[in-house]
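Asks: Can you keep this structure in mind? I'll have questions shortly.
Just so you know, all these numbers are worked out from the coordinates, no wet-lab data involved. Just so you know, these numbers come straight off a predicted model, no measurement behind them. Heads up, the Cβs are rebuilt from the backbone with ideal geometry, glycines too, and the neighbour counts pull from every protein chain shown.
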Amino acid sequence: MISKVKNAMSTLVGGMIPHHHHQHQQHHPGDGHHCGSEGILPPRFPYGRPDFLELTPELLQCSTEHATRPVLTGKRDSRLPWRTGYAEVINAGKSMLNEDQASCEKLYVKKPTGKHRNSTLHQDPGDTTGIPLLFWGVYDGHAGSGAAIAASKLLHRLIRDRLGEVAHLLENPASPLPICLAKNGSPYQTTESGAAEEPDAVSDPTIRYHMEKVVSVESLVMGVLENAFKQMDELIEREKLSYTISGGCCALAAVHMMGKLYVANAGDSRAIIIQNDEVIPMSNEFTPESERQRLQYLGFLRPELLGNEFTHMEFPRRIQHSELGKKMLYRDHTMTGWAYRTIVEDDLKFPLIYGEGKKARVMATIGVTRGLGDHDLKVYNSNIHIKPFLSCCPEVKVYDLSESKHGPDDVLVMGTDGLWDVTTDLEVADAVSTFLSGCDPSDPMRYTLAAQDLLMRSRGVLKERGWRLPSDRLGSGDDITVFVIPLVGHEGETTTGVEQYSCTLQTIGPGSASSVSPGPVMAPDPQLAL
């Protein structure tokens with residue numbers, strides 16, 4: 001078991017080879033199924049950066065430079081909704097490609113009709129009828145970028161389609177939601193005689209009043225988001241029968257609809273609202289430490305999932321064989337504190353959760369406990385599946401934009417853990433607020449530049465001892481993806497159809513800055529940034 005633990009992470013750091021290089025790569029368990037003797041199945045989607053950046057093959061190749069870590073942002077004529085700011089940077093070498101993905105879409109929710117009635121995930125960019133919906137998503141991939149790419153292409157469409165099934169209810173938010181719907185989606189009605197009721201239905205309205213729960217439209221939207229995440233995870237599992245979809249991903253999504261902002265998080269990415277220089281957390285991180293009791297309880301209920309290699313108990317350190325019969329501190333799924341117990345043979349197994357902070361792992365393998373994908377993930381050199389301990393269910397938080405007055409400097413910041421590993425919520429809020437206060441409120445690039453500034457602060461500057469922050473602490477060596485989204489819509493935006501976007505590749509030039517037009521704009525090294 002010790003050798004398994006020492007090598008547990010070796011299966012997670014190989015990254016994702018570009019798909020046109022697949023013929024040079026050996027097949028590994030979990031990356032897909034063999035297709036006869038000709039190799040693995042084709043990828044579900046080819047590798048690339050977010051669609052809204054519209055990178056050329058040359059710029060895509062340039063974006064993979066680990067030595068310079070180029071920064072990608074939208075350029076001045078970008079048409080991201082609400083003048084959304086976006087920036088991303090590749091890791092410092094832990095994987096060949098940037099395994100983060102992102103999506104930003106303007107969609108319209110309406111009840112499916114005609115050819116779309118029985119279909120899903122359809123695209124109709126020319127149709128602008130229905131309830132407007134803005135979507136932002138960041139997906140932090142691991143063990144490959146296949147799951148992150150699939151989610152970035154499909155999750156927002158799943159959400160739109162599921163909302164479309166109840167669009168007629170969303171259009172009347174003041175009306176109470178019907179508890180039961182007929183097969184065609186209309187409210188299920190009963191006759192006065194109760195002939196259409198189920199056998200156990202209650203027809204007396206006075207009794208029904210006390211027995212029925214009142215469910216809000218807000219709760220309905222939250223439930224749609226939660227189910228869409230589960231459906232996305234199931235879709236990835238089904239499509240792995242026909243395609244290669246590697247790894248898994250944390251998923252953080254924000255949906256603006258009907259004056260409310262819904263933020264759904266499954267993983268360790270994070271979202272905060274900055275309002276009047278104050279921070280409002282819009283997500284919680286799901287890690288082995290934060291979900292310890294859930295994981296331990298599952299291990300307690302289903303010990304067969306531990307494969308006779310792990311124990312659901314937690315101890316402050318590994319137990320030595322010589323300590324059998326002695327008393328040691330421990331805690332299980334019922335405890336938040338610690339107590340002593342007499343050590344028995346079964347306690348010598350490796351703990352289900354081991355390590356602290358960013359080094360905490362489930363079964364010595366994975367450091368996040370919620371996300372999409374990972375259906376084939378196993379403990380190194382074993383047949384123990386880890387997926388049963390991982391949840392695809394997001395936590396959804398709601399922010400009502402109508403309850404506060406917002407200025408141009410009030411924003412939602414969404415970022416993968418590469419940002420938050422080295423920058424606190426307060427540091428992010430201070431950096432964004434300070435930057436925006438020095439920008440012209442009418443500048444269409446202010447949020448893009450704020451995202452770029454925030455990303456560069458977390459990445460740091462390349463020195464002899466690696467990427468360093470101004471304090472000389474290590475900067476983030478992970479992929480970093482950042483959205484800076486203003487909380488006020490801006491007049492004059494095009495609101496017809498799904499927006500089309502362009503990209504600027506901002507490449508670090510050591511000690512120099514240059515500009516090429518048309519094409520990539522070269523941004524200065526952070527040391528030279530104004």
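Asks: Can you give the FRET efficiency to the nearest 0.05 for Glu218 and Val344, using r as the Cβ-Cβ distance and R₀ = 45 Å?
Replies: On the way: r = 50 Å, r/R0 = 1.10.
Efficiency, rounded to the nearest 0.05: 0.35.
Asks: For the stretch 275-421, what is the convex hull volume of its Cα atoms per residue in Å³?
Replies: Values: hull volume 22.3 nm³, N = 147.
Once divided by residue count, the hull of the stretch 275-421 is 152 Å³.
Asks: Students often get this wrong, so check it: of Lys327/Lys358; Lys260/Lys397; Lys106/Lys153, which have C-alpha atoms separated by over 21 Å? Present the calculation step by step, with values, prior to reporting the outcome.
Replies: Values: Lys327/Lys358 29 Å; Lys260/Lys397 10 Å; Lys106/Lys153 13 Å.
Over 21 Å apart, Cα to Cα: Lys327/Lys358.
Asks: Moving on to the next point. Provide Rg and Dmax in Å for the stretch 52-101, with only Cα atoms included in the calculation.
Replies: Both quantities, over Cα of the stretch 52-101: 11.8, 34 Å.
Asks: Averaged over all directions, how much area does the convex hull of the C-alpha atoms of the stretch 282-368 cover when projected, in nm²? Present the calculation step by step, with values, prior to reporting the outcome.
Replies: Working: hull surface 24.1 nm².
Mean shadow area of the hull around the Cα atoms is 6.0 nm².
Asks: When you count, for each residue, the other Cβ atoms within 10 Å and take the mean per peptide, how do 63-75, 446-458 rank with the highest first?
Replies: Values: 63-75: 20.1, 446-458: 24.3.
Order by mean packing, descending: 446-458, 63-75.
Asks: For Asp410, which sequence-distant residues (separation of 5 or more, or a different chain) have an amide H within less than 5 Å of its own amide H, given hydrogens modelled in the peptide plane?
Replies: Leu487
Asks: Now for a separate question. Could you tell me which of rounded, prolate or oblate describes the stretch 223-308, using a ≥ b ≥ c as the square roots of the eigenvalues of the alpha-carbon gyration tensor, with rounded for a/c under 1.5 and, failing that, prolate when a/b is larger than b/c and oblate otherwise?
Replies: Working: a/c = 2.51, a/b = 1.40, b/c = 1.79.
Oblate, since a/c reaches 1.5 and b/c is not below a/b.
Asks: In Å, what Rg and Dmax follow from the Cα atoms of the stretch 274-319?
Replies: That works out to 16.9, 53 Å for Rg and Dmax.
Asks: What Kirkwood hydrodynamic radius, in Å, does the stretch 445-488 give when the mean of 1/r is taken over all pairs of distinct Cα atoms and then inverted?
Replies: Values: mean 1/r = 0.0883 Å⁻¹.
Answer for the stretch 445-488: a Kirkwood hydrodynamic radius of 11.3 Å.
Asks: Can I ask one more? Per-residue HN-Hα couplings for the stretch 304-315, Karplus 6.51 cos²θ - 1.76 cosθ + 1.60 at θ = phi - 60°, whole Hz, x for Gly and Pro?
Replies: Result, ordered by residue: 5, 5, 7, x, 6, 10, 10, 10, 6, 5, 10, 10 Hz.
Asks: Give the peptides 248-257, 102-111, 400-409 in descending order of average Cβ contacts within 10 Å, highest first. Intermediate values should be presented prior to the final figure.
Replies: Details: 248-257: 27.1, 102-111: 21.5, 400-409: 13.5.
So the peptides 248-257, 102-111, 400-409, ranked by packing, come out 248-257, 102-111, 400-409.
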